[in-house]
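None of the figures in this text is laboratory data; all of them are computed from the coordinates on show. Keep in mind that this is a model prediction, so the values were computed, not measured. Every residue, glycine as well, gets a Cβ built from its backbone with ideal geometry; the counts of neighbours run over all protein chains shown.
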Amino acid sequence: MATKILYFTVNGKPEQAEFPVDCPAQDVKDLFRSAAEAGPHDILKLYNPKGNIINISPGLEPNSPSCCYKLEVVAADRNTEPLGTFTSTSLMMCDFRLQGLEKKILMEAGETPAVVYEMKKQVDSFREKLESVEHLSWLGLFKDLSEGNHKPSPFYHKRTLRKTREECEHVRVKFLQMSSLEVSEEVRQYLKTPTFDNWQWEDAEIMVLLQVMYTDLDFTATFNIEPEVLQQFLYEVYRRYNNIPFHNFKHCFCVTQMMYGLIWLTDLRSKLDAIDLLIMLTSAVCHDLDHTGYNNAYQINARTELALRYNDISPLENHHCAVAFEILEKTENNIFRNLPMDKYKQIREGIIKCILATDMTSHNDILSKFKSILPAFHFTTKDHKDVLMMILIKVSDISNEARPMEVAEPWLDCLLQEFYNQSDVEKMEGLPVTPFMDRDKVTKPSSQTGFIRFVLLPLFIELANLFPCLEHHIIDPVRKALDYYTEMEKALEREKLNRAQCENAAKSKDTTPSTAGGHVEAGPEASRAHTPQTVVGDT
Ligand code: 0WF
Ligand code: ZN
C-alpha cells in the first residue's frame, strides 16, 4: 500500500508520521493528535514552513526533515489542563492564594512585603500575556469570578474580543493603499457568484472588495457617496467587528457578498429601486456589528447589559443596528449624508427591518408570510418588497452551505468553535445550556443535517420559487452538502461502533497499543469514509 511520510516538530521535538495515501482525514488528525499527546478537546494548529496555518488532512504535501511542518497544541481541555504547567485555572488559583496571603500579611505586618508584591506583579504580567493571545482570549478563560454569582461582568468581553488600535491602523493603511488600485474585471465578475472563496483574501483586500460592490452597483454615483466617506465607513465597520471565531468581519463580508451575488443573479436591479438595493447591501454589511460570540439565549439567561437594555427583545440584532447608526451619526462616516431627509428616513427604516429580521426566532413568521404572498407576488407592493428584502438577508446570513465545500466547511468549524465556547461558559456559569451548542451532545454532521433539512432547504426553496435560476446556484450545493454530512454522520456512527468493539477486544486481551514515541502510524482499523478537518473536539 502506498504511504506518505511527513516530518514535523511538536514543541520543538522532531517527529515523523507515516500513513496510507488514501487514509481518512480523521485518522490523519488522530495521528497528529497522538503525536502531540493532545486531549480530545485540545485545538491543534499545523504550520507550513512559511508560517501559514494549514489543514491537517491526507492531502498534506510530503516534505523532508529539513523543511518540516510545525505542530502546536494551542488550547487545552479546561478540565484536564494539559497546556503545559500553567493555565487559566491555575493562574486564577495563584491569584486567589496571593490575595489571601497579602490580606493576612497586611493584617499582621501592616504593609505588603516586597516578595509578595513581586509575585503579584509576575502573576499580573502572565495574565496579561495570556489575555493578549487572540486564540485563547475568545475562549472566555479570563472571566472575572470575583462577583461570586453567574452574572458576568458587562465589560468582561471588552477586554478580550475587541480589535487593538495597532491592528486596525495596520489594516486601514493597507486598505487605503490598495483602494486606489484597479480591481480586475475577472475578480469583479467572480465577486458576483456564490462560489467566491473568502479564505483567499485578507481583511484590507476584503474592504476593497466591499468598495467595489458599492461602485459596481452604481451606488456611489446614484447616491453621491464620496470615496473617502465610503472608505471611512467601511473602516469603522471593520473596526467594530470583533475577533471571534464566526461572527467576525469575514462573516460580514460573506453575507454581503452573497447578497451582492443574489442581486446580480436574480437581476434585482430591474425589479427593485436602487435605494432598496442600497438598504439590502448596507444591512448585510452592518448586520452583526459588535457581536461578542454569545447568542440571544445567553444574553437573556445571563441578564447581560444588552438584554437589560432591549428588554430581552432581539438584544443582539437591536445592538448591531444601533452600532450601525452610531457609525453613521458621524458625518465623515455617513455614506447617506448627501441624501434628503425623507430618503435617509426610508433607509433607516429599511435597515432596521432587515437587521432585526436576522434574529432566527422570527424565522417561521417571516417564511410563512413570504409563502403566503408568493402566489400573487408584486415587486411594486411595499409589503411584498419588505418581506422579500427580509428573506434575502436571511438567506444570505445562513448561506455558507450554498458555497463550495472547501469554503463552507471551515465556516462550520468556526461556528461550532463559537457555539462550544458559549455552552462551556453556560456550564461554568450554571446557566441553561443551549442544546445544539453542547459539545457533549452534538457532532459536526448531526448539527448540520438537521439545519439543512429543516431550516436551509425550506427557506431556499421558497426563494427559488420566485427566482427559479437560484435552484442551480444555491439549492444544488446545499443538497450536496446534505449528502456529504449524512455520509459523515453514518461514518461517525460506524466509527463509534468500531471503537467500542476494539476497546472490548483490547480489554479482553489486556493489550494497549502505544502511540507515543518518535514514530507514529495510522492504525489498521482506520475505516472512516471521510471525516474532514475540524478544529474543535469532535464528539
Ligand atoms: C451548526 C448549525 C448551523 N449551521 C449553519 O450552517 C449555520 C449558518 N448560520 N447558523 C448556522 N447554524 C446560525 C448562526 C447564528 C444563527 C444561525 N446550527 C443550527 C443548529 C446548529 O441546529 C438546528 C437544527 C435544526 C433547527 C434549528 C437549529
Ligand atoms: Zn450573521
(request) Rank-order 458-471, 313-326 by packing density, defined as the average count of other C-beta atoms within 10 Å over each peptide's residues, highest first. (result) 313-326, 458-471
(request) Using only the Cα atoms of the stretch 384-438, build the gyration tensor, take square roots of its eigenvalues as a ≥ b ≥ c, and label the shape rounded, prolate or oblate: rounded if a/c is under 1.5, else prolate if a/b is larger than b/c, else oblate. (result) oblate
(request) Determine the gain in length on full extension of the stretch Asp216-Phe377; use 0.36 nm per residue of separation and subtract their C-alpha separation, reporting nm with one decimal. (result) 55.2 nm
(message) Apply the a/c threshold of 1.5 to the C-alpha gyration tensor of the stretch 352-485 and tell me whether it is rounded, prolate or oblate.
(response) oblate
(request) Would you mind checking Lys394/Lys444; Lys13/Lys490; Lys371/Lys490; Lys29/Lys50; Lys250/Lys394 for any pair whose Cα atoms are more than 27 angstrom apart? (result) Lys13/Lys490; Lys371/Lys490
(request) Show me 382-390, 496-504 ranked by packing, highest mean number of other Cβ atoms within 10 Å first. (result) 382-390, 496-504
(request) Can you pull the one-decimal nm distance between simple spin-label points at Ala505 and Glu182, each 7 Å off the Cα toward Cβ? (result) 6.5
(request) May I ask you to compute the full-extension gain from Glu61 to Arg269, defined as 0.36 nm times their residue separation minus their alpha-carbon distance, rounded to one decimal in nm? (result) 70.3 nm
(request) Hey, can you grab everything whose amide H is under 5 Å from the amide H of Thr9? Only 5+ residues off in sequence or another chain; H modelled, so Pro and N-termini drop out. (result) Glu15, Tyr69, Lys70, Leu71
(message) Let me make sure I get this right: for the stretch 279-383, a, b and c are the square roots of the gyration tensor eigenvalues over alpha carbons, sorted descending. Under 1.5 in a/c it's rounded, otherwise prolate if a/b > b/c, else oblate. Which is it?
(response) oblate
(request) Compute the distance in nm between two label points, each set 7 Å from the Cα along the Cα-to-Cβ direction, one at Arg337 and one at Asn224. (result) 1.3
(request) Arrange the peptides 392-401, 182-191 so that the one whose residues have, on average, the most other Cβ atoms within 10 Å appears first. (result) 392-401, 182-191
